[in-house]
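Data first, discussion second: the structure below is written as structure tokens.
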Amino acid sequence: QEQEQEQEQEQEEEIEIEKYVDVAYSRDNEAPIPWEFSRLRDKAFCAQFYDASSFKLYKGKPVKFPDYVLVSDNYFNRTWGGDRRIKNVVMTLAWIPSPSDVKQFPARDTKIPDKWMEAFETAFRMFDQDNSGSMEKQEVAKLIREATDVKPTTGQLKEIMTKFGKGGSLTRQGLLSVLQSGILRPEFHGRYTVAVSLAEAETIRRIMHIRLEQKLIDGSDMSLALRCSEAQNMIFDQSALYDDPSRYQREASWQSLRYLNCDMYFQDAQLNTLIRAMQNTPIRERVVFFMSILGCRRRATYRWKSTPLSKLFRILSEFHMLKNRSQAVRVRESMKEKGLLPYDAFRSFNAKRTGFLSPEEVWGALDFLGLKDLTPKDIFGFVEAADKNSDGNIDYPEFLAILRNPDKKDDDDDEEDDIKQSNLDIEELKIVQPKGGAELKKYQDFELKEEGRYQEREIKEAKLEAERRRLEIETEEENNLVISSNGRPNPEASENCVYWDFSTGKKPVGVTKINDSFYHMRRQGQYYLKLYAAASLKLTANLKNEIKGNGGGNRLNLFTIVTEIKFESLPAKKSIFAEKDDDMKQEYETTSRALINLTRFNDGEAAVAVDSDGAIGLGGHFDRRVKLTPKKWHFLTVVFDCKQQTVQSYIDGIAACKIDSKSQPELKIDSEDFSLSPDSFHLFASPNSASMDCEVDVKRAWIFNESKDEFVVPMMNEEFMSYDPWKVGHAISSAKVARPEGRYTDQIQMIKSMLGANAPADEELLSKLEKHRGDVQRVLMDMGVLS
């Protein structure tokens, strides 16, 4: 049930993002830009094309594509601002400006990152069946087939063994040099693939038809072809002089542009090519780029985690892909040597008779087949590579996929028919015992879970980064609107405070509404936001880096959060039956509603909550001396001080619940649990749905990057009350109103009573209060009275 609720929550977030993109989509300056066809004689003349590695959305970041992949300005113009709907990549231009300038890329560096080398060495061991530390020609051919998805020719093998081998075999370093050389996967300077607009493709095709059997440009041997990405990259038209590039360069260009097009369904060989093309881009950046682009396309945001593309966001490099494949090759070879039919083998390995192979059964099977010196990490890696339905096991169809000959054609059913035949009863089979249950469980409970959490966190960080780009654009557009209308921004931000106004009937910038919440109108022009059960808000206090970390690091360790909230009814008490005096009696226990959740991804319990009695709870500890009253607006103030390890709450300026490290040492108030990341935090959110089973209304919210003193909190609340937008009649979207007379009168009197004869003149105090937005504590600090 909790997983379903999490999925529903993610869907709501995606819907909210999609709604925003529809609103923010701009079409300014989208008219096609004409260019002279004769420019194609030389790349230096073609300023209308740019490297795909420079492609980025407004305020976004690019990723690294192969150097020979280009994008036309008429497909996506680099000068565009705001959010744009991105066209689908339908037609591409294969272009050779001058055949005489075509030169092969030099060999790639054989000094690869340590993680890549570790994966490569594991793959080498799998293919080195006699553990000699070198490979014969036949072993080399198998590895090359798995690395490149193409069987090497006799001529290629001879060249490889002669150039990189010694004594008829290849060492580990020699084989790495082969894979990094251009012998197997040549790439060439001077040949390009360009993502073009449909209008450009149509015009180019018309010119090609006019110039049939002629040079396309007089005095130039330029050649080109038009391909359709949506039609398996087939050639629609080509010029007389055009010749096709190498298979690898053609595939790398196509798969790169399919990734740019946000395609999600790739064949295994296509993914292998794409991973190699993208491996110099960190995984998080691959995800951020993809999610940002996907949000700007007019198509449903499918859950890519369950599609083949997800491997691109899990597999670091071509060597990690090769490692996964090498283990499958060893299984195929070993079963062939032992004369095992796949159906019999599966039944032998499935000692528990469950119909699927668990990780410990997989380890037992691999050990039986001669794959020694494996670790729990290798076993889980093998299972993950084969596990298409992500259930943590390998079922029979997945087992068959491991054993499938990569050179077998898709329509060849004879082999699969042979696979299913068996004349052995279950009693005649030798049962292979599972292995390493305790080791696997230990690894799963610690390293694997930690790795899974890390990967999931990387995905969440990537999503947050993609969202941040949209928020920056939304903020820029809001600021332009504010300037043009002489209004006020929402939220309002200064170097020490961010203020959100939910009384305008319009969602503040940077706020994501999750699940059901609607603006209710109290009177004409007087709104508040009602959040129903299971609804929450995600906010960022860092749209322009106004609020910076304090107390060390990027997080806030000293801060104050104020919310103006109302409950029509407090969280309902839960009915339970307890045995008393040999009789079952009905009792009621309090429940709670989350108020402030400091975790970035709502993956931990709320730091602040309210219970059925209206008592405020901090870290699960409740104080019932001061309570919230139903049907009444309250100012809830919570002051966090991670340095002093204290958290103090106030209701309408009256001290309520307080926790500190001395009274509650188990809470660890000096940890991340009670600090705040300005780029993302939540109001009224909890991963526990039972803590969100209550409606709540919100009118305003503030966050300060300092811990307010107890004598400042009541004055601060009075200041907020005196400028209630419902009373003074101003809203964010309206023009600025003149400041009412007598502003800061109470603060001026308080400072004068504190300083006596040493108090400055009223005009000077008013100026300082204006500067610090009525914050008496900061005024006194500015004057040197407080340190």
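Please specify each residue of segment 138-184 satisfying the condition of being in contact (Cβ under 8 Å) with a residue 40 or more places away in the chain, of a type in the set (S, T, N, Q) and in a helix (DSSP H, G or I).
Thr148, Gln173, Ser177, Gln180, listed by residue number.
Scan segment 586-604 for residues that are surrounded by fewer than 16 Cβ atoms within 10 Å (Cβ to Cβ) and within 25 Å of Lys566 (Cβ to Cβ) and jot them down.
Tyr588, Glu589
Just for segment 569-620: of the residues that are over 29 Å from Leu676 (Cα atoms) and acidic (Asp, Glu), which one is nearest to the chain's Cα centre (by Cα)?
The selected residue is Glu589.
Inspect all residues belonging to segment 512-532 and state whether any of them is surrounded by 16 or more Cβ atoms within 10 Å (Cβ to Cβ), on the phi < 0 side of the Ramachandran plot, at pLDDT below 80 and of a type outside the set (Val, Ile, Thr).
no
In segment 287-303, how many are out of contact with any helix residue (DSSP H, G or I) (no Cβ under 6 Å at 6 or more places or on another chain) and either open to solvent by less than 40 Å² (accessible area, probe 1.4 Å) or closer than 20 Å to Ala119 by Cβ (or both)?
6
Can you pull out the residues in segment 698-728 that are surrounded by fewer than 18 Cβ atoms within 10 Å (Cβ to Cβ) and farther than 22 Å from Asp641 by Cβ?
Glu718, Met721, Ser722, Tyr723, Asp724, Trp726, Lys727, Val728
State all residues of segment 629-663 that are open to solvent by less than 40 Å² (accessible area, probe 1.4 Å) and part of a loop (DSSP other than H, G, I, E, B); if no residue qualifies, say none.
Residues satisfying the conditions are Cys642, Gly653, Ser661.
Could you tell me how many of the residues in segment 158-185 are open to solvent by 80 Å² or more (accessible area, probe 1.4 Å), farther than 24 Å from Tyr248 by Cα and not basic (Lys, Arg)?
The qualifying residues number 1.
Spot the failing condition for His320; the list is (1) open to solvent by less than 10 Å² (accessible area, probe 1.4 Å); (2) under 22 Å from Met126 (Cα atoms), and only one is missed.
Evaluating His320 over (1) open to solvent by less than 10 Å² (accessible area, probe 1.4 Å); (2) under 22 Å from Met126 (Cα atoms) leaves (1) as the failure.
With the requirement that a residue be out of contact with any Cys (no Cβ under 6 Å at 6 or more places or on another chain), of a type in the set (Val, Ile, Thr) and surrounded by fewer than 21 Cβ atoms within 10 Å (Cβ to Cβ), what does segment 64-88 give you?
Listed by number, the list holds a single entry, Thr79.
If I go through segment 375-392 residue by residue, how many of them are crowded, with 19+ Cβ neighbours inside 10 Å and either free of Cβ contacts under 8 Å to residues at least 12 places away in the same chain or not in a helix (DSSP H, G or I) (or both)?
0
Please tell me if Glu461 is open to solvent by less than 40 Å² (accessible area, probe 1.4 Å), more than 30 Å from Lys771 (Cβ to Cβ) and at pLDDT 70 or above.
Against the criterion (open to solvent by less than 40 Å² (accessible area, probe 1.4 Å), more than 30 Å from Lys771 (Cβ to Cβ) and at pLDDT 70 or above), Glu461 qualifies.
The values are calculated or read from the model by the stated rules, or taken from the named source; none is laboratory data. Please read these numbers as outputs of a predicted model, since none were measured by experiment. Cβ: placed from backbone, ideal geometry, glycine included. Neighbour counts: every protein chain shown. The protein model used for the area step is the full one, side chains on, heavy atoms only, and it has no ligands, DNA or RNA in it. Shrake-Rupley method; radii C 1.70, N 1.55, O 1.52, S 1.80 Å.
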